[in-house]
Ligand code: SF4
């Protein structure tokens, strides 16, 4: 049986996709890149932005046509959009299976059943905000333990979920309604999983949570977890995403200083520089409280690399509010920023209560303007690396050609990242993928450092 797999969305989704792919491989399925020869099509979906859902619907439209000539093909939609739309999605002509993010351990058996009986099946949480039963958490933990591995195309690197769900209810965000309540995994299970990954050759783990710094299992905190993970031999770099800028435990920064394996990288979304907009977003902090966290981080870890996220064009965002966001970006001196145009998500408080009153043209303009501000900052920061040597974990051959490509045969242009998550491009042999190398930086753009292996 052949399976075609597509994935949309964040790192949490990439991790789920990887687990699902391994579960199908171990069940004897093969993977194909040709949708036309697949017996089953699996689509991992994202609901965070409207655009991600539109792409899934367009793929389903394509599959509807394919099914006219190959009606036996089984299409399974899983992840956040499946949980959000439930039966509505099952009524789509192309869809056979709708499976929520908490039901992914059942996917192999759902697909096998649908192939055998050519039926429609659904497995979603009826009350997603209901706290999981211990047996459900155990089932998900066992699934993670059994099927984790290096990330696709990222040798020696793995994502490890440390918590599920979210309880923050930011007014624009659909995650609490599709991934359920916040639940931290038992430390012993996380450690056992990372030890297993380390034994299989993993050198970098990225600990994942929607608000990873809120991790807490009884009295065991996220900082405690960092100290425990750092004891695992052969895990050389520990990264974590994403942090929530409230009740930030300073011990996390102290761990970065104490423990050489904890990377000095902090991804901490601000979303807006205007207190009025932050309040409407229900973020629970002010701009100055946010900056205090960054100041504290830099006081304890002077060379920490900080990345941010912003939403532009949130309901009610005036030019003055946007100006405050620009000022925050200038003050924060991020290494890079992810900037999104607000799009209302059905079922969220912002969609219910606030008019999407910033015209798309204005959203686009603000996006461009903020990106330009950030690019200037990134270019300056990146320039300061010229002449220095950085340690890089090699990801593999760069997919796109960059500046300075050597024309030597047998030498590829490689891409990798530093502990601070800076992207580095350099020439080298592809068998360096998954290894650490030292690179002398000779050139820098706003997005990339360029150099030569030492
Ligand atoms: S913290 Fe806010 S933005 Fe992040 S997942 Fe939770 S509700 Fe969504």
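The values are calculated or read from the model by the stated rules, or taken from the named source; none is laboratory data. Just so it is clear, the model here is predicted, and its values are computed rather than measured. Backbone-built Cβ (ideal geometry, glycine too); neighbour counts: all protein chains shown.
Output the number of residues of the stretch 149-161 satisfying the condition of being outside any strand (DSSP E or B) and either surrounded by fewer than 19 Cβ atoms within 10 Å (Cβ to Cβ) or modelled with pLDDT of 95 or more (or both). Adding up the residues that qualify gives 5. Look at residue 390 and say whether it is more than 24 Å from the chain's Cα centre (by Cα), surrounded by 13 or more Cβ atoms within 10 Å (Cβ to Cβ) and not in a helix (DSSP H, G or I). Considered against the rule, which asks whether it is more than 24 Å from the chain's Cα centre (by Cα), surrounded by 13 or more Cβ atoms within 10 Å (Cβ to Cβ) and not in a helix (DSSP H, G or I), residue 390 comes out as yes.
If you go through the stretch 156-185 and keep only what is in contact with a strand residue (DSSP E or B) (Cβ under 6 Å, 6 or more places away or on another chain) and either at negative phi or away from the ligand (no atom under 11 Å from the Cβ) (or both), you end up with 157, 158, 159, 160, 161, 162, 163, 164, 183, 184. Report yes if some residue within the stretch 84-98 is farther than 23 Å from residue 239 by Cα and within 16 Å of the ligand (Cβ to nearest atom); otherwise report no. Yes - at least one qualifying residue is present in the stretch 84-98. Do we find that residue 128 is in contact (Cβ under 8 Å) with a residue 12 or more places away in the chain, under 21 Å from residue 242 (Cβ atoms) and assigned to a helix (DSSP H, G or I) in this structure? Judged against the criteria, residue 128 is not a match. The strands (runs of 3 or more DSSP E) found wholly in the stretch 1-114 and carrying at least 2 residues that are surrounded by fewer than 19 Cβ atoms within 10 Å (Cβ to Cβ) occupy 2-7.
Residue 59 meets the conditions (1) out of contact with any strand residue (DSSP E or B) (no Cβ under 7 Å at 6 or more places or on another chain); (2) over 23 Å from residue 105 (Cβ atoms) in every case but one. The failed one is (1).
Residues in the stretch 233-259 that are away from the ligand (no atom under 16 Å from the Cβ) and crowded, with 18+ Cβ neighbours inside 10 Å: 235, 236, 237, 238, 239, 252, 253, 255, 256. Please indicate, with yes or no, whether at least one residue in the stretch 403-415 is in contact (Cβ under 8 Å) with a residue 60 or more places away in the chain and touching a strand residue (DSSP E or B) at 6+ places or on another chain (Cβ under 9 Å). No, because not a single residue in the stretch 403-415 is in contact (Cβ under 8 Å) with a residue 60 or more places away in the chain and touching a strand residue (DSSP E or B) at 6+ places or on another chain (Cβ under 9 Å).
When residue 376 is tested against (1) surrounded by fewer than 16 Cβ atoms within 10 Å (Cβ to Cβ); (2) closer than 26 Å to residue 264 by Cβ; (3) not assigned by TED's automatic domain parsing to the domain that holds residue 243, exactly one condition is not met: (3). Among residues of the stretch 188-217 being free of Cβ contacts under 8 Å to residues at least 40 places away in the same chain and within 16 Å of the ligand (Cβ to nearest atom), the one that is nearest to residue 265 (Cα to Cα) is 213. Residues of the stretch 273-309 that are in contact (Cβ under 8 Å) with a residue 24 or more places away in the chain and within 12 Å of the ligand (Cβ to nearest atom): 281, 282, 283, 284, 285, 309. Checked against the criterion of being over 21 Å from residue 369 (Cα atoms), within 16 Å of the ligand (Cβ to nearest atom) and over 22 Å from the mean Cα position of the chain (by Cα), the candidates 350, 355 yield just one match: 350.
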